[in-house]
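Structure record follows, encoded as structure tokens.
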Amino acid sequence: MAFPAVHAAVAQSPDGHAGHIVTMQKLDWSMAGQLAIEAVRACAAQGYSVTATVVDTTGHQQAVIKGDSVPLQSLSVSYRKAYTAYSYGLAFNLNTTSELIAAKVTGPANGALNTIPEVLFVPGGVTLRRVSDNSVLGGIGVSGAPGGEKDEACAQAAVQKYRADFR
């Protein structure tokens, strides 16, 4: 499996040689939590109980907020939407799972990447990008509204509210 490129910096030792410490750009826990809360809030304002998950640049869950009456599967679905928006947004330079679907992105011709358990081509995921250089910082996924386009609108609302802080 190919690993997506992640913006990382390698520390320099005093003698000018590259060290063995890698640092990565990602949102801090506070911003990840605020994004998830805002996405759930945006959907709640429309009468939808959802789960929102933010993944970082390792593809792991960084923040999860679950509405009061969401179905059980929304937890895994929101994660998978966030993971897909992050990993495929990075690989194909697209910003939402809807854009990935519209572009008919499914991985290699044989569709092998569709068998990865975390990948889910359903609307509701948004790639998180740094303001200054558009580098990928993670993804947010929302699940539980009656339709992926509604999930994605709530994720987009959260991103729009806080995007200026992605520095």
*asked:* With a 1.4 Å probe and all protein chains left in place, how much of the accessible area of the stretch 29-165 comes from carbon and sulfur atoms, in whole percent?
replied: 55 percent
*asked:* For the pairs 81/104; 26/150; 104/161; 81/150, flag any whose C-alpha to C-alpha distance is greater than 23 Å.
replied: 26/150; 104/161
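The values are calculated or read from the model by the stated rules, or taken from the named source; none is laboratory data. Keep in mind that this is a model prediction, so the values were computed, not measured. All accessible areas refer to the heavy atoms of the entire protein, side chains included, with ligands and DNA or RNA removed. Shrake-Rupley method; radii C 1.70, N 1.55, O 1.52, S 1.80 Å.
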